[in-house]
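Derivation of every value follows stated rules applied to the coordinates shown; laboratory data play no part. It should be emphasised that the depicted structure is a prediction, and the values quoted were computed from it without experimental measurement. Neighbour counts run over all protein chains shown; Cβ positions are idealised from the backbone, glycine included.
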Amino acid sequence: MSELAVHFEGVTKQYPLFTLDHIDLALPAGCVMGFIGANGAGKSTTIRILMGLVHQDRGAVHVLGHAMPREQVAAKLDIGFVSEDTRLYRAATLAWHMEFIRSVFPRWDQAYAQQLLRRFDLRPEQKIKGLSHGQRVKAALLLALARRPRLLVLDEPTTGLDPVARREVLGELMAVLADEERTILFSSHNTLDVEQISDRIVFIDRGRIMDADDKDVFLDRWRRLRLVMPPDAAVPRLPGIVEVGGSPRLPVLTTNHFDTAMVSLCQETGATVQAVDCMTLEEIFLASVQNRREGQPA
Amino acid sequence: MLTDLVISQSDSRPMYVQIMEQIRQRIAVGELTPGSELPSIRELAVALRVSVITIKRAYLELEHEGTIVTQHGKGSTVAPDPDLSLRFYQQQMTEHVEQVARLGKLLGLSHRELARRLREATDRLNNAETGAELMKERV
Amino acid sequence: MNTSMVRRLILKDWYLNRWMLLGSIPAGLISLGIILTGNKAAFLLGVILLVMIAVGVGAQLVMETTLYERREQTLAFVMSLPVSWREYTAAKIVANLVLFLLPWAALLAGALALILFAPGVPHGFVPYVVIMAVEVLVSICLIVATALISESQGWTTAAILMATLGINGFGYYVAHNASIATGLWGSSIHWTATVSVLLLAEFAMIGLTLGLTFLIQSRRTDCL
């Protein structure tokens, strides 16, 4: 049983207009966890609590074995954090930032940093204010990656990147995982990225965790069943159906607990199962949110 | 060599299924010989930019069907019996044929109609292949 | 407290603000030059200008290192480093004090040199100039305290305005204080007990302000 890189137990934080409610997270070392949620759902707050930048009102937070926020200095020595919130100094050069980070983190790998400069196509003597958004993101990632952190915490790492840059970044992130002890936690709107590289996925909405599971369990559990109903027949009522769409004769059932037995159950009611479609992570997320907000039992 | 598998985003099947199929294909055409070593789960994940859990699933399923053999602590190798992949495709064929029969009954098609459809589909496939070869020759 | 991390943060603030700090010295020396033109009006103008420049550069330093760091979101970048909020606060307080001392000391030295070596300037001004110089330090400390505790541009700007007005008012009061005024235009340095008391009070203010700021900030739980 590998150690937990990140462990949240019942973490709660109250703001005037928003509450982060009973967040439980367990991220084993060597794993990639993807966070998906709408804006304002609580992703950034959760990540800030993880980094010790915000103190939780209730609940225990342990990062790399350190209690947060009390032991945040020890934890941050092994964490690389990149987010929309963390910007670099515009008047200084990338080289200055590299030197600054190098002086703070003993595990700085200069050879790897040079490699990243080439791969990301960045020039160290350039001032941060002269970089495009994509280049700034890559620069921040370089600074986080070259110090060989045990945990990478990324808030929207590929947002705003062109497809080529995205591929480079995903490649470098995955390369981190070649070492079994390194862990990645990232939040993203880009569900394709999350679907591609995550081992574990967490859906967060309105301050609560809607669903958390291994990625392939998500993809296995959710299906869309396209049925052809005989005239005047009622749509079969099955457990685990989250949404019923389409028309009365051609309903589309969305389920989050798919079982092959469902197909036969549908056929028994006289319906023809035209197709059983897999769903993308984005479709699953949207269906979850819709389902939760309408208050239907999931 | 396995590290140059190509995963298609537009393929609606799960990623692990695509990976499994491509590994089986490589075995079928002889690019992966029986007994040869497969990259570790992590190595392949990093190379394909795909989550570790997906590769794990693919390897697990391949092992269940007997296409590969995994030794704890030593990694995975291609199974010594090369016909296993062939057996898998045979199984698929049987399932699909039964599905076609079922649909045919639903649509009320006769045997001749079903056979005609099958012939048309095979013809289309052959034409596409010839066309592709002609294109290659021109280039 | 990790002093090497605090030191690095101070050096960082020096690096990012070095041109502004160095550039204020020639500007200040020019206003000293105005004093040299001789008449009383020029003298007062020169002094006011000098104080403005000193307070100005100090205030700008405070804004850059605290408020703008928060606004430009480089604060989160710094806090993602292995540093605690207390260490960050300590670094900010010390940086603003120490980095400001550079132009401050240069301008004070220039003013004293002017008084002692330029012809026609009464040496009696020395105590007064020293009192005013330290008062500028007190103002800057108050501005630092406001910026760090309020985290608001509005409050800090108000503090800067009050400090500027306050210094002028204080300067007027001290210049007309009986025991100081007598020696002001004299040719020798007239160091009275009042002068010592005032200086002591000013240093105490500095210590108190900065100490309180550190204590108050240490209790903060959320830095973002």
query = When DSSP assigns beta bridges and you keep just the ones with both residues in chain A, what percent turn out antiparallel, to the nearest 5?
reply = 65
inquiry  = Charges on Cβ only, +1 for Lys and Arg, -1 for Asp and Glu, centred on the Cα centroid of the stretch C:1-123; of C:Gly120, C:Val83, C:Gln73, which one is farthest towards the dipole's positive end?
reply    = C:Val83
ask   = Bin by bin, in steps of 10 Å, what percent of the Cα pairs in chain A do you find, going until the bin that has the longest distance?
value = 6, 25, 28, 21, 12, 6, 2, 0
note = By Cβ neighbour count within 10 Å, fewest first, B:Tyr89, A:Tyr112 rank B:Tyr89, A:Tyr112
message = If the only charges are +1 at each Lys and Arg Cβ and -1 at each Asp and Glu Cβ, what is the size of the charge dipole of the stretch A:170-269 around the Cα centre, to the nearest 20 debye?
response = 640
message = Straight-line reach only, C-alpha to C-alpha below 17 angstrom: list the lysines that A:Lys138 could link to, leaving out same-chain residues fewer than 8 apart.
response = A:Lys127, A:Lys129
task = Just name one of A:Phe258, A:Leu185, A:Pro230: the one whose Cα is farthest towards the positive end of the charge dipole of chain A (beta-carbon charges, Lys/Arg +1, Asp/Glu -1).
result = A:Leu185
message = Can you tell me the length gained on complete extension of the stretch C:Thr157 to C:Arg71, counting 0.36 nm per residue apart and subtracting the Cα distance?
response = 29.4 nm
key: Distance in nm between pseudo-label sites at C:Ser187 and B:Gln71 (7 Å out along the Cβ direction from Cα)   = 10.5
note = Computed on Cα atoms, the radius of gyration and Dmax of the stretch C:29-103 in angstrom are 17.7, 56
Residue-averaged [θ]222 nm for chain A, counting only DSSP H segments that reach four residues, each worth -39500 (n - 2.57) = -9500 deg cm²/dmol
key: Exercise: per-residue mean of other protein chain Cβ atoms within 10 Å, A:75-86   = 4
remark   = Computed, not fitted: 222 nm per-residue ellipticity of chain B from DSSP H runs ≥ 4 (each -39500 (n - 2.57)), nearest 500, equal to -21500 deg cm²/dmol
message = Compute for the protein assembly as shown: radius of gyration divided by Kirkwood radius, i.e. Rg/Rh, restricted to C-alpha atoms, rounded to two decimals.
response = 1.16
query = Leaving out same-chain residues fewer than 8 places away, which lysines sit with a Cα under 19 Å from that of A:Lys215?
reply = A:Lys43, B:Lys56
About the Cα centre, charge dipole magnitude for the stretch A:1-141 (Lys/Arg +1, Asp/Glu -1 at Cβ), debye = 680
inquiry  = Pairs of alpha-carbon atoms within less than 8 angstrom and 6+ residues apart define the contacts here; what relative contact order does chain B have, in percent?
reply    = 21
inquiry  = Students often check this: by mean Cβ neighbours within 10 Å, which of C:114-120, A:55-61 ranks highest, and how do the rest follow?
reply    = A:55-61, C:114-120
message = Rounded, prolate or oblate, given the Cα gyration tensor of the stretch C:89-224, with a/c below 1.5 counting as rounded?
response = prolate
note = Longest principal axis of chain B (C-alpha) makes with the long axis of helix B:83-107 (C-alpha) an angle, in degrees to the nearest 10, of 30
message = About the Cα centre, and with charges only on the beta carbon of Lys, Arg (+1) and Asp, Glu (-1), how big is the dipole of the stretch C:22-105? Nearest 20 debye, please.
response = 160
message = Averaged over its residues, how many other protein chain Cβ atoms are within 10 Å of peptide C:81-87's Cβ atoms?
response = 5
Residue (of C:Asn96, C:Leu198, C:Gly154) at the positive-pole extreme of the protein assembly as shown, dipole from beta-carbon charges = C:Leu198
